[in-house]
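The values are calculated or read from the model by the stated rules, or taken from the named source; none is laboratory data. Please read these numbers as outputs of a predicted model, since none were measured by experiment. Cβ placement follows ideal geometry from the backbone for every residue including glycine, while neighbour counts extend to all protein chains displayed. For the accessible areas, the whole protein counts, side chains as well, though only heavy atoms, and no ligand, DNA or RNA atoms are used. Shrake-Rupley method; radii C 1.70, N 1.55, O 1.52, S 1.80 Å.
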Amino acid sequence: MAPASLRCVSAPGRPSPSAVLAAIERAHLLYFRDGDRPRLFERMLDDVLLLTGCEYGFIGEILHHPDGTPYLKSWALTDISWDAPTKALYESTKGPDNGLVFENLNTLFGRVISSGAPLISNDAPNDPRRGGLPPGHPPLNSFLGLPLNRGDELIGMVGVANHPGGFSADDIAALEPYLAVCAHMIDVIRSDRERAAAQEAEREARAVVERQERLSYIGRLASGVAHDMNNLITMVSLQCDLLAANSELPPSARPAIDRIQQVCDSASGMTARLQRLRVTSTGAGRCAVSPSVRSALPLLESVAGGSVAVALHLEIGDEVEVALADSELMQVLLNLVSNAADALAGDGRIDIRLAPTLMASGQGGVELTVSDSGPGVPEHLRPVLFDPFATTKGEGRGLGLPTVRTLVESCGGRVQLIEHDAPGAVFRIELPLGSEA
C-alpha cells in the first residue's frame, strides 16, 4: 500500500481527468497481471485516497443475509488501528476470503447502503446521521460515501474520510469513471463466485446421482440373489420339516436336523437384509417430525439396549413438517441409533436433537443430530463412511449409513459427520421443511 504520509499530504483539490485515467490504467494492469484480488483493491483504495487527498477509507462489497438485509464486507481498508486489539482485527481482514463485516446501517456509510445514493458530510461530528465511533478511533471530520452499481443493483461502496477542504458534488463527478471501474471489479468477483458455486452444486448433484445409482445397482443385484437364495433355503427348510415329522427318524439324527434348521433361519435373515438394501424413496414424503421422533423413542431405546441412555431434545414445535415420510425418518433414526449403540458396546449415552436451521439454499429446515459418547469414527474411515460396505464393526455390512444418505438426499437434505473435539460421533442431518421440498 502507499505510505500513509503520501495519503495525508496530498494537496486539496479535485482529481484531474488525467490522474483518474492513470489510476484506471493501474487498476486494469494489476487485474490482468496477477489476479490478486485483495492486493488489487488495496491499490485501488490507495489511488482513491491519493485522488481525493483523504486520510483513510475503504472499498467494500454489499452482501445480503438470507432475509434480504444488506451489510457491507470490506475488500480494502486503511490501517487506522490504534491499539493491539484493533491491529489484530485489521490483520485478520487480509486474504481473499477475509474482510470486516459491518452490519449497523445507522451510520453515515449505512445511509449510503439504505438509500443507494452518494452522501456528503462536511461536519461529521455534528451530523445527526452519524452513528458514533469506538473509543480511540481517529477523528472523523468529513465523510464521502459513494455507491457502486451494476445497472440498478447496489453491489458495493467506497467511503473516504477527512478531505482538508471538505467534499462537494464536483468530487463525485470527477470520480465517476474510477467508481465504474471499482464496480466492474466487484461485479467480476461476484460472477466468479457465483460460477464457482454453481459448478460445485453441479458436482455435488452429480455425485449424489452416481451414489444413488451405485447403491440402486447393488440393491437390485442383492435383491435378485436374495430371491434365488430364498428359494433354495425354503426347499432345504421344508425337507428338514419332513424329516423332523418322520417317526422312524433315529433320535441321533434330530440334533443334526435342528442345526440345519438353525442355519436356514440364519440364512433367511441374511437374505432379508440383502433385500432391505434396495432403498427407494420418491422424496415426496412428509411427516410432523417432532411427534414422529417422540413416538419412535421406545423402539429406539430398545435398539440401543437397556444400559444405554437415549435422550431426546426437541427445540421445534409439533406442527413442523419435514419432506421425509414417517417410515423413512424411522429408517434413518434406526440406522443411526443402531450404529451408535454398537459403538458404545453396551454402556453410554445417545442424544437425539431437533432444532430449526437455515439450509444452504436459504430455505428453512430442521436439523437432526444424533450424537453418542463412544470412541468416535476412526480417521481412516471418515472419507468413505457413507460408501456401501464401509464399516467399523467386525460383523457389520456397511449398509446403514449409505441408506441414511440415500433417504436424506432424496428429499433435498444433507447428512454429514461433524468434526468436534469431544469424544464420540456426531451425525448432523439437514431436512427441508415439508412445504419447501
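Observations on the structure shown:
- Shape category assigned to region 37-79 from the gyration tensor of Cα positions, a/c cut at 1.5: prolate
- Accessible surface ranking that places the most exposed of GLU379, GLU367 first, with a 1.4 angstrom probe: GLU379, GLU367
- The order of ASP47, ASP192, ASP342 by accessible area, most exposed first and with a 1.4 Å probe, is ASP342, ASP192, ASP47.
- Each residue of region 182-190 is assigned a 3J(HN,Hα), and the resulting list reads 4, 4, 5, 4, 5, 5, 4, 4, 4 Hz, derived from the Karplus form 6.51 cos²θ - 1.76 cosθ + 1.60 (θ = phi - 60°), x at Gly and Pro.
- LYS87 - accessible surface, heavy atoms, 1.4 Å probe, Å² rounded to 10: 80
- Ranked order, HIS163, HIS184, HIS64 - accessible area, probe 1.4 Å, largest first: HIS64, HIS184, HIS163
- Solvent-accessible area of THR406, all protein chains in place: 20 Å² (probe radius 1.4 Å, heavy atoms, ligands and nucleic acids excluded).
- Net +/- balance of residues flanking LEU108 in space, Cβ distance below 14 Å, scoring K and R +1, D and E -1: +1
- Rounded to the nearest 10 Å², the accessible area of THR369 at probe 1.4 Å: 20
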